[in-house]
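Engineer: Before I ask anything, let me first share the structure, which is written out below as structure tokens.
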Ligand SMILES: [Fe+2]
């Protein structure tokens, strides 16, 4: 069965499918209101709410919102990336539906308006077969677009129910995840509900599991240097068994 292709948003002028991919000819953010409204949701998310008393989280939130505000003010090009689906995007409609009922409803509604323009991908050269059916992510802003930015990446990760996203870390990249829909856990430490934010410092090893019944949708932000964000070189940390086998 082929995955459903999400329906394109109706009557929205944002980035026609045949728009040029080159930055010089691409439409600008202010000509693409649905992308702009989605970014405003991110901006509000990182501006309001609490850092829970954590100085590290406060600093990260400020870095994300200050960078994002500057990007929005610069009215950057919006590149036309080819929409793509993955098997897990069969769960996307359910994730949006759940998101629209909870604390992150503004973000979920804004995301629904661009659902047909998202480029879902794996990010890994080799994806474990089980994970290939249960995970994908899409970027909305960053060095590769669609909204061009140098030192910030914003995107969404979607997981099917009962997924284990294997242990990994990000070199030179600081990452935060905010739940939009579904329940999930990181490193078996807690259960996070929509609206919760978790910070992963560079090199921090993390492994994610998701609840049994519903998909899980996370908004994420990466901060770092442009070169690293453009080519993050994502790798899963080898399991203990694989490391032992490799060591002989
Ligand atoms: Fe991560």
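Engineer: What are the radius of gyration and Dmax of the chain, computed over its Cα atoms and given in Å?
Structural biologist: In Å, with Rg to one decimal and Dmax whole: 17.5, 60.
Engineer: If one takes the longest principal axis of the Cα atoms in the chain, at what angle in degrees, from 0 to 90 and to the nearest 10, does the Cα axis of helix 92-101 lie?
Structural biologist: 80 degrees
Engineer: Further, regarding this structure: Just want the ordering: 54, 196, 179, from fewest to most Cβ atoms lying within 10 Å of their own Cβ.
Structural biologist: 54, 196, 179
Engineer: Would you mind checking the tilt of helix 33-47 against the longest principal axis of the Cα atoms of the chain, expressed as 0 to 90 degrees and rounded to 10?
Structural biologist: With both axes taken from Cα atoms, the answer is about 50 degrees.
Engineer: Label residue 69 and residue 125 with points 7 Å out from Cα along Cα→Cβ: what is the distance between them in nm?
Structural biologist: The answer from the label model is 4.1 nm.
Engineer: Starting from 0.36 nm per residue, how many nanometres of slack lie between residue 132 and residue 227 once their C-alpha separation is accounted for?
Structural biologist: 31.5 nm
Engineer: Still on this structure, I have one more. Any chance you could tell me what percent of the C-alpha pair distances in region 57-140 go past 15 Å?
Structural biologist: Every Cα pair in region 57-140 considered, those over 15 Å come to 70 percent.
Engineer: Another question, then. Can you put 62, 134 in order, fewest other beta carbons within 10 Å first?
Structural biologist: Starting with the residue having the fewest Cβ neighbours, the order is 62, 134.
Engineer: Once fully extended, how much extra length lies between residue 101 and residue 201, figured as 0.36 nm per residue of separation less the alpha-carbon to alpha-carbon distance?
Structural biologist: 33.0 nm
All of the numbers you see were taken from the coordinates with simple rules; none came from a lab. Since this is a predicted model, take the numbers as computed values, not measurements. Here the Cβ is made from the backbone with ideal geometry for all residues, glycine too, and neighbour counts use every protein chain on show.
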